[in-house]
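See below for the structure under consideration.
The values are calculated or read from the model by the stated rules, or taken from the named source; none is laboratory data. The model shown is predicted, which means the values in this text are computed figures rather than measured ones. Cβ sites come from the backbone with ideal geometry, for glycine too, and all protein chains shown count toward neighbours. For the accessible areas, the whole protein counts, side chains as well, though only heavy atoms, and no ligand, DNA or RNA atoms are used. Shrake-Rupley method; radii C 1.70, N 1.55, O 1.52, S 1.80 Å.
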Amino acid sequence: MLPQSHIDELRAAVGADGLITGESQLQTYECDGLTNFRILPGAVVLPRSAAQVQAVVRICARHKIPFVSRGAGTGLSGGALPAAGGVVISLARMNRILEVDIANRYVVVEPGVINAHVTARVAPQGYFYAPDPSSQSVCTIGGNVAENSGGAHCLKYGFTVTHTLGLEVVLPNGEIVQLGSPTLDAPGYDLTGVFVGSEGTLGVTTKVILRIVKRPEVVQTLLAAFNSPHAAGQTVSDIIAAGMLPSALEIMDALAIEAAEAAVHANYPVCGGLLLVELDGPSSEVEALMSEVRAICSKNGAQQVRVAQSDQERALVWKGRKAAFAAMGRISPNYIVQDGVIPRTALPSVLSEIDRMASAAGLRVANVFHAGDGNLHPLVLYDRAIAGQEELALDLSYRILHLCVDNGGSITGEHGVGKEKQEALGYMFSEPDLATMQLVRCAFDPENIANPDKVFPRTRLCAAEIPGPYTPHPLETAGIAEIF
Amino acid sequence: MTSTTGFTVQECAAQLAGIAGETHSEVAGEIVTVAPVDAAQIAQILRVADANAVSVTPFGNGTKAGWGNPVAPGIRLSLKRMNSLREHPWQDMTCTVEAGCTWASMQAELAQHGQMVALDPLWPARATVGGIVATNDSGAMRLKYGGLRDLIIGMTIVLADGTIAKTGGKVVKNVAGYDLHKLMTGSFGTLGVITEVNFRLHPAETAARTWTATAPDALQFAEPLRILLDTQMTPSSIQLRAGKLQSALDVRIATRPEAFDEQATRLRRIFGQIELRDSVNEVWQARQQLFDQADRVILKASLRSSDVCSVSSELQHWTAKQEFDFDLTAQATGLMTVALNIQADAAPGLLDQLRSRLKASGGSVIALRIPESIRAGLDVWGCDSNALALMREIKRRFDPNRTLNPGRFVGNI
């Protein structure tokens, strides 16, 4: 716990209404979207300005108090899990959009601005903010920057880092620095590029310059039903091989379709593998490409191909897709969400291997994935009430990640490493790779107080902190947000 | 060769020959050139250099060797033997290429499967992947496809102490660990030697057309450019070319052949009274041509895209009353290359003027090429970032003995 003198300093920095120390209130902050990890922080501060963040970080630096910055707490890898007895810096009150520059296609926002609010602000001028994690109605830009968030449309539009031109950051020593600029290629190292995706381990974001993108003229969404995810996967390869770059290419297998249908009645065809293709761009181009996509689907044995006929129908298609995780609760008492990436061509063999591994373990695995970029979200279904099944499920989910790495992929495409995959990072990268990353960490945070004990492997894990299965986030249970 | 340990050129050459082979190490004056064949040899060479306080300059074909501050003579680490496209899993639309491979030879191989790294750097026939990445060069295609930071998905680097590290991976979507490849991109070889780069690929632009509009004053393009960038059209490149008395705006669109006429109609509507004609692909060589005359001072300016035409026009008006001449190209992304035909002693004044003009809107100006006679008194980089101390600390952690390109980068890093 924090000594009273430190609490007093924090109160002086953010005011009495910006400080939380009561245990019941602190419990709100004890976890993020990875709810099976819970640690009570020593205090939570709710600064209203960069100067207040700076004051808090200076106090932390002076007393070597670990701090964890936090947006909406929707992260799925435990990145916002507090440090025991440390300070949580909630950026929720720094939620202003500071500048909108349509002519130069950027906006400047505070970190607590909600992702979807950026698009809402620039939509009247025909623009949008491209990264669209499924939690976008509640997750914040600061959290997106920390995690380098993606979404279904990053195949074409890229990730948070693609759209981040610059940052204002409070470094772990309390200094404020500007990284990047609204203009490209500012002289010096690309520290913006390094900071985005560093999961809160390099400092606290207090301002973000984001690129915005003109809305495409036309968006078309096609659904194709196949006998198996393999046939859907082959179709994806053929679409890419034909030189197309759709804005989204998503696959769901039979289990995922069943769950999504049960949850939101998306009117999906009943099939073994459902492919969702979204094309956008100038109308003449999209129409021509869509007929090519139809032909490729037919060639690969699609039983049914249909294009959403209205915005409402398209929204429903996406609603089903985005609800797929949460929908698992309808077909299984418990489940674990994973987030691996493989080269697209490895899709058929990896899917077969996951099937084999699941059968051998006596478990079911539902598959939902961003097929265009090889980002798998296997959902390992199990029943905690059956003795030993949770351990089996956990083991299977980690073996799936190893399978991804063995196939030349990654342990995370968008959820981050956080607390959950610290050890898996050591499976993906060798010692020299990790030591080199630590050079950056040490340059930014020599005292190791910014979100310590995350991302990088530990020498050992305490029994109480072994990564675990998925339990729904309160926001999800309440139907406010979906997870990806 | 400068070495605080008394290490001589001959001793150095002998040791490096022992690593890379007699035929791949040579002495020219104070410089020892060595051409290793793999990352392991580079690690050995760097350990020798690091232990003897000899500076190392990674070297491709030297097309941008004069960029940045000069480096004391030491070891020239040539990547010329590491020049192959290692992997091209074309169905995954990624590739792994060695740093010494020239841009054009890489693209030629990728083109066999109708793919490309979507970037148009300077001197593709000679410039190498490593040099292009180290200097973060990019051309007009950046408008549609982004810059190197958006195209590089992984890298292998060797640090000054010989550590061989991989960063990122071979998949496009990956958020595991820090993106060290973004730190390395544009770091001018001051943090490590890039030995391999993994790129994400795009389909090659099989059908593309260019249109050009001309007008005397660059300011006349301000409104058409603003409108064009605000439409839902998706040009792959837009560039302004301007000289003392004339200017032109080039637009390149890659789409399906049947869509070109409609695109042309839309463009004509945007340009209104300004005549727009079908143009040739060669106009996209304009940036490179600015470097052709060796006596020109070359500046790289970064500005807001809404300022591209007005700043160009200001230069036109300003030089109209001056003795000197200039030519520039500016991409719609706001990156401008200016070639000045100017007396050496007048260059610093103009550089300062341009810097103060652009500073208010977050812009910057780097002097890419300047006459040796004025170099000493000039700030090549013009970096006034308040993160400079942090950049120095990163350099100190990566290269504590200042072995790699010491002094070449911003703030004398």
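Taking the residues in region A:12-67 that are in a loop (DSSP other than H, G, I, E, B) and small (Gly, Ala, Ser) as candidates, determine which candidate is nearest to A:Glu414 (Cα to Cα).
By that ranking, first place goes to A:Gly33.
If you scan region B:328-358, which residues turn out to be surrounded by fewer than 17 Cβ atoms within 10 Å (Cβ to Cβ) and free of Cβ contacts under 8 Å to residues at least 24 places away in the same chain?
Listed by number, the residues that qualify are B:Gln343, B:Ala346, B:Gly349, B:Asp352, B:Gln353, B:Ser356.
Check whether at least one residue in region A:365-374 is open to solvent by 30 Å² or more (accessible area, probe 1.4 Å), away from chain B (no Cβ under 12 Å) and modelled with pLDDT of 95 or more, and report yes or no.
No: zero hits.
Within 23 Å of the chain's Cα centre (by Cα) and either over 30 Å from B:Thr265 (Cβ atoms) or surrounded by 20 or more Cβ atoms within 10 Å (Cβ to Cβ) (or both): which single residue out of A:Gly272, A:Gly301, A:Gly281, A:Gly340 fits that description?
Answer to the check: A:Gly340.
Which pairs turn up if I take residues in region A:325-343 that are under 27 Å from A:Val405 (Cβ atoms) and more than 14 Å from chain B (Cβ to nearest Cβ) and look for partners that are of a type in the set (D, E, K, R) and surrounded by fewer than 24 Cβ atoms within 10 Å (Cβ to Cβ) with beta carbon separation below 8 Å, at least 6 apart in sequence or on another chain?
A:Ser332/A:Arg364; A:Ser332/A:Asp383; A:Asn334/A:Asp383; A:Asn334/A:Arg384; A:Asn334/A:Glu390
When you go through B:Ser302, B:Ser313, B:Ser237 one by one, which is the residue that is within 11 Å of another protein chain (Cβ to nearest Cβ) and open to solvent by less than 60 Å² (accessible area, probe 1.4 Å)?
It is B:Ser302.
Give the residues of region A:396-432 that are open to solvent by 10 Å² or more (accessible area, probe 1.4 Å), of a type outside the set (Ser, Thr, Tyr) and in a helix (DSSP H, G or I), sorted by residue number.
Hits for region A:396-432 are A:Arg399, A:His402, A:Leu403, A:Val405, A:Asp406, A:Glu423, A:Gly426, A:Met428, A:Glu431, A:Pro432.
What's the number of the condition B:Leu340 fails, among (1) within 14 Å of chain A (Cβ to nearest Cβ); (2) within 22 Å of the chain's Cα centre (by Cα); (3) at pLDDT 90 or above?
Against the list (1) within 14 Å of chain A (Cβ to nearest Cβ); (2) within 22 Å of the chain's Cα centre (by Cα); (3) at pLDDT 90 or above, B:Leu340 comes up short only on (1).
I need the helices (runs of 4 or more DSSP H) fully contained in region A:248-330, keeping only those with at least 1 residues that are farther than 30 Å from A:Asp383 by Cα and modelled with pLDDT of 90 or more.
Hits in region A:248-330: A:283-299, A:311-322.
Given the residues B:Leu46, B:Leu122, B:Leu77, B:Leu143, which is the only one that is part of a helix (DSSP H, G or I) and open to solvent by less than 30 Å² (accessible area, probe 1.4 Å)?
Criteria check complete, one pass: B:Leu46.
Of these, A:Val107, A:Val118, A:Val100, which one is closer than 28 Å to A:Val45 by Cβ and outside any helix (DSSP H, G or I)?
A:Val107
Somewhere in region B:152-169, is a residue more than 8 Å from chain A (Cβ to nearest Cβ), of a type in the set (Lys, Arg) and outside any helix (DSSP H, G or I)?
no
For region B:170-205, name all the residues that are in a strand (DSSP E or B) and at the interface with chain A (Cβ under 8 Å from one of its Cβ atoms).
B:His202, B:Pro203
I'm trying to understand the selection: among the residues of region A:126-156, which are more than 10 Å from chain B (Cβ to nearest Cβ), closer than 20 Å to A:Leu245 by Cβ and touching a strand residue (DSSP E or B) at 6+ places or on another chain (Cβ under 7 Å)?
Within region A:126-156, A:Phe128, A:Tyr129, A:Ala130, A:Ala152, A:His153 qualify.
Tell me the residue from B:Gly377, B:Gly363 that is within 10 Å of chain A (Cβ to nearest Cβ) and not acidic (Asp, Glu), please.
B:Gly363
Could you list, in sequence order, all residues of region B:104-119 that are free of Cβ contacts under 8 Å to residues at least 24 places away in the same chain and in a helix (DSSP H, G or I)?
Scanning region B:104-119 gives B:Ala104, B:Ser105, B:Met106, B:Gln107, B:Ala108.
Starting from residues that are out of contact with any Phe, Trp or Tyr (no Cβ under 9 Å at 6 or more places or on another chain) and assigned to a loop (DSSP other than H, G, I, E, B), keep the ones in region A:217-247 and report whichever is surrounded by the most Cβ atoms within 10 Å (Cβ to Cβ).
Filtering region A:217-247 for residues that are out of contact with any Phe, Trp or Tyr (no Cβ under 9 Å at 6 or more places or on another chain) and assigned to a loop (DSSP other than H, G, I, E, B), the one surrounded by the most Cβ atoms within 10 Å (Cβ to Cβ) comes out as A:Pro246.
Name the single residue, out of those in region A:149-176 being within 18 Å of B:Leu180 (Cα to Cα) and part of a strand (DSSP E or B), that is most open to solvent (accessible area, probe 1.4 Å).
Per the criteria, the residue is A:Leu165.
Can you find even one residue in region B:99-110 that is more than 22 Å from the chain's Cα centre (by Cα) and either within 14 Å of chain A (Cβ to nearest Cβ) or among the charged types (D, E, K, R) (or both)?
Among the residues of region B:99-110, not one is more than 22 Å from the chain's Cα centre (by Cα) and either within 14 Å of chain A (Cβ to nearest Cβ) or among the charged types (D, E, K, R) (or both), which makes the answer no.
Okay, residues lined up against (1) modelled with pLDDT under 95; (2) touching a Pro at 6+ places or on another chain (Cβ under 8 Å); (3) within 14 Å of another protein chain (Cβ to nearest Cβ):
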position	(1), (2), (3)
A:Glu391	yes, no, no
A:Asp395	yes, no, no
A:Cys404	no, no, yes
A:Glu423	yes, yes, yes
A:Phe429	no, no, yes
A:Pro432	no, no, yes
A:Ala435	no, no, yes
A:Cys442	no, no, yes
A:Ala478	yes, no, no
